[in-house]
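Worksheet: the structure to be examined is printed underneath.
Where a number appears in this text, it was derived from the coordinates with a stated rule and is not lab data. Note that the structure is predicted; figures quoted are calculated from it, not measured. Note: ideal-geometry Cβ built from the backbone for every residue, glycine included; neighbour counts use all protein chains shown.
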């Protein structure tokens, strides 16, 4: 086992139409919350629209579309990497979360983007994950119970789940709730869930949450 520390950071980038910036090469996922953007990397151009994701580990040029874009950006970086907020006219960029995670770098890994949706009052029964990841609430709200603490997250709020931490989540009774997350999963989990339910009686119960997987791409260390 070769344990190493990393930072999994998340940024909220709001671009006006035509607002442009060049992002240095990092292990990066970008999710489009609203609007659209044009992304260019290594001679390839991609139009990123609402509820779509993009991965690159190379330098990327980001440009706001016809009405601009609201983008969420995750980067897996070394602990001493400089802050990644975009400092350009026409772009409002904020650090939404900067979390330390530990990874066994002897294990091949994927950077995965997916979304979890809950019906009214839905719940994620007490569980752990086989991989760390950073979540950001997209709609509604969730009441989270983890590590002996309870708190509620609202749209735009971020939090980290390190993997072995036991977590219970209860969705709003009033609004449909969802969050988007990036996880650094072992390659053996390609195409399948990383979740394990703690209580034996919960394993065969119907689960209320549903999933949409956008991408999972190999990364190197």
Quiz prompt | the chain pair-distance distribution - Cα-Cα, 5 Å bins, rounded % | solution = 1, 7, 14, 19, 20, 16, 12, 7, 3, 1, 0
Quiz item: Mind ordering 197-207, 24-34, 47-57 by average Cβ neighbours within 10 Å, highest first?
Solution: 24-34, 47-57, 197-207
Quiz item: For the stretch 3-104, what are the per-bin percents of Cα-Cα distances with bins 5 Å wide, up to the bin holding the maximum?
Solution: 3, 14, 24, 26, 18, 9, 5, 2, 0
Self-check item: In Å, descending, principal axis extents of the Cα set of the stretch 135-186
Solution: 34, 24, 14
Exercise. For the stretch 51-178, report the translational diffusion coefficient in µm²/s to the nearest whole number, using Stokes-Einstein at 4 °C, 1.567 mPa s, and a Kirkwood Rh over Cα pairs.
Key: 77
Quiz item: How do 196, 139 rank when sorted from fewest to most other Cβ atoms within 10 Å of their own Cβ?
Solution: 196, 139
Quiz item: In what sequence do 158, 194, 94, 126 fall when counting other Cβ within 10 Å, fewest first?
Solution: 94, 126, 194, 158
Quiz item: Using the 10 angstrom Cβ neighbour count as an exposure proxy, how do 185, 77 rank, fewest first?
Solution: 77, 185
Quiz item: Using alpha-carbon positions, what is the distance between the centroids of the stretch 64-82 and the stretch 137-212, in Å?
Solution: 23
Practice problem: With N denoting the number of residues in the stretch 109-219, provide Rg(C-alpha) divided by 2.2 N^0.38 Å, to two decimal places. | Solution: 1.01
